[in-house]
Amino acid sequence: MPKTSRILGQRFLLACLCSGSFSVAVAASAQSPGSDQGQVPAHSQHGNALAVAAKAPKPIPDIESGRIKTGLPFKNPPMISSRHGVLEMRLNARAKPVTISGKKVNARVYSASAFGKDYPYSFMPPTIVLDPGDNLKVNLTNWLGEPTNLHTHGFFISPTGNQDNIFVDLTSSKSFLYNYFLPKDILPGSYWYHPHYHPLVEEQVFGGLSGFIYIRGLEAFLPPDLRGVTQQFLGLKDFQVNRSNSIPSDNINSDSPTNRTVNGLVQPVMTMRPGETQLWHLGNLSADIWYDMEMPGLTFSVIGVDGNPVDQVQEATTLLMPPAKRFDVLVQTKNVGTYQLITREMNTGPDGDTYPRTLIATLNVKGTALSPLTLPKQMKPIEDLANATVSRRRIFELSENDTTNQFFINEKEFNANQVDATPVTGTVEEWVFRNRSEELHPIHMHVNDAQVMSVNGVPQQANSWLDTIPIPYATQNDAGVSVPGEVVMRLKFRDFIGPYVFHCHILAHEDNGMMTVINVTSPDSE
């Protein structure tokens, strides 16, 4: 039975886990609600179930839309880089026609401007490049005809005011100035930006509203001769079109045939020289679907995951990427030849979607050979929480109602004014996620990343902290009793107080309830 706005899954885990004036409503200041079942201080009506998507766009005739072109040359997204510790830029979000790999479709996309240069509306917007400690100012103007906002996915940063505040309610035709002060200890690597206005997140991200952020500094952990290698950004998104040649905004079916793209190109062609080493930043910037990446004949040397440099560099033949997952990898070629970057066939569970084996890009290795550089063995030692003092243990159960398409955490749907946990800065908590459904849920933590301690009772030797963690689905034991999938993780609550969320990053699940608020407090407020 086709799944609308859903995706399920299980074969994943050990490889993934190892490996001016602005007329908007903003969340109030972070006050402790006093208990773990309290209320967030009154804020906007963000999350109002009555939020309505914009009206349907004007159809594009088939003769005007054209056909998808494959085999086009690979291109990186445009780059907008900070200068002298500051980046001031504008983003505009709009529903409009754009061309994706030769085909004109109605989408929901960003344009940008910075340092006097304009970047047109595109399915793959510019990559924002920053240094730790930078001040990033983004003036976001909403032309979508529906509310939106902006989330800097993976940032270790304040969740309040005009920083990474997902409770901002930016109505259409209004602007909001985001003003991010990046900590000097924010870790280098791949992050991304996308809307987070509940419950319109899936349709806005699926429509094209997502792009890379890169925090420089990962190179400093590499041997000197690897610090200047070519870097490539591979933003993975998919798109479907309906009869009007529009990307759907409702009834999105994650099990339907789809067009997988790299930076808005279908099956582009990349080139490298024999023996060459490149640094690839791979990000699943899509709304719902998974990638199980493989490049037969070559391997991925994983040096970063979810914006965290790894402890030990790992050689991987596959990279399992739920929605929101990022990997920073070194790719070193060998012989002249043609290599295929594919996503492998996936059956994502008893009630899940089925994805066919799909070519993502072709890599042609040709030209004068280079002497291979020595790849690193280690990047940055992990701050291991295994021996930390645990101040509190919490259990979060994930479940769903297939009939009504509702998703729950501890049997509750998302309520923007309801708090499920009030951790205290300076403490470490242990959280147990139990998945009672028969589909996989990749849980995303805002602000503070987590260390995985065990999966289905099997202890894990963590290689980095993570911000997106798959929770295995329930299975039946020999007696026919359903046994929930389980992940135990630890989080260290550092620096930042205020209300923020964690949720399933299958965005259909988030929009339909699988998200909850935590309100981090300080010891002084206890």
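Which of the residues that make up region 99-108 are crowded, with 20+ Cβ neighbours inside 10 Å and assigned to a strand (DSSP E or B)? ILE100, VAL105, ASN106, ALA107, ARG108, listed by residue number. Scanning region 249-260 for residues that are assigned to a loop (DSSP other than H, G, I, E, B) and either crowded, with 19+ Cβ neighbours inside 10 Å or of a type in the set (S, T, N, Q) (or both) yields SER249, ASN251, ILE252, ASN253, SER254, ASP255, SER256, THR258. Taken together, the residues in region 261-299 that are surrounded by 24 or more Cβ atoms within 10 Å (Cβ to Cβ) and in contact with a helix residue (DSSP H, G or I) (Cβ under 9 Å, 6 or more places away or on another chain) amount to 4.
Across region 425-467, the qualifying residues are those that are within 21 Å of PRO381 (Cβ to Cβ) and of a type in the set (D, E, K, R), and the one among them that is surrounded by the fewest Cβ atoms within 10 Å (Cβ to Cβ) is ASP449.
Quick check, is ILE100 over 22 Å from ALA56 (Cβ atoms) and either touching a helix residue (DSSP H, G or I) at 6+ places or on another chain (Cβ under 8 Å) or not aromatic (Phe, Trp, Tyr) (or both)? No: the conditions fail for ILE100.
Could you please find all residues in region 208-225 being over 15 Å from the mean Cα position of the chain (by Cα) and in a loop (DSSP other than H, G, I, E, B)? Matches in region 208-225: ARG216, GLY217, LEU222, PRO223.
Is it the case that some residue within region 192-214 is at pLDDT 95 or above, surrounded by fewer than 21 Cβ atoms within 10 Å (Cβ to Cβ) and of a type in the set (Ser, Thr, Tyr)? Among the residues of region 192-214, not one is at pLDDT 95 or above, surrounded by fewer than 21 Cβ atoms within 10 Å (Cβ to Cβ) and of a type in the set (Ser, Thr, Tyr), which makes the answer no. If you go through region 153-188 and keep only what is buried (at least 19 other Cβ atoms within 10 Å of the Cβ), among the acidic types (Asp, Glu) and either part of a loop (DSSP other than H, G, I, E, B) or at positive phi (or both), you end up with just ASP164. LEU491 fulfils the conditions (1) outside any strand (DSSP E or B); (2) surrounded by 15 or more Cβ atoms within 10 Å (Cβ to Cβ) except for a single criterion, (1).
As for region 432-450, it holds at least one residue that is touching a Phe, Trp or Tyr at 6+ places or on another chain (Cβ under 7 Å), over 23 Å from GLY352 (Cβ atoms) and of a type in the set (Gly, Ala, Ser). Number of residues in region 109-139 that are aliphatic (A, V, I, L, M), part of a strand (DSSP E or B) and closer than 24 Å to THR261 by Cβ: the value is 4. Only residues that are outside any strand (DSSP E or B) and in contact with a Ser or Thr (Cβ under 9 Å, 6 or more places away or on another chain): list them for region 226-238, please. Within region 226-238, LEU226, VAL229, THR230 meet the criteria.
Looking only at region 66-74, decide whether some residue is at pLDDT 95 or above and part of a strand (DSSP E or B). So far as region 66-74 goes, yes, one or more of its residues are at pLDDT 95 or above and part of a strand (DSSP E or B). Scanning region 304-340 for residues that are buried (at least 17 other Cβ atoms within 10 Å of the Cβ), within 23 Å of the chain's Cα centre (by Cα) and not in a strand (DSSP E or B) yields ASP306, GLY307, PRO322, PRO323, ALA324, LYS325. If you go through region 494-526 and pick out every residue that is closer than 21 Å to HIS194 by Cα, aliphatic (A, V, I, L, M) and assigned to a strand (DSSP E or B), you end up with 4.
Checking PHE408, PHE396 one by one, the residue that is farther than 30 Å from GLU345 by Cα and either at pLDDT 95 or above or hydroxyl-bearing (Ser, Thr, Tyr) (or both) is PHE396 and no other. Here ASN179 fits the description: touching a Lys or Arg at 6+ places or on another chain (Cβ under 6 Å), farther than 30 Å from ASP311 by Cβ and modelled with pLDDT of 95 or more. Of the residues making up region 92-120, those that are hydroxyl-bearing (Ser, Thr, Tyr) and touching a Pro at 6+ places or on another chain (Cβ under 9 Å) are SER101, TYR110, SER111, TYR119.
The values are calculated or read from the model by the stated rules, or taken from the named source; none is laboratory data. Predicted model only: the values in this text are computed from it and were never measured. Reconstructed Cβ throughout: ideal geometry from the backbone, glycine too, with neighbour counts over all protein chains shown.
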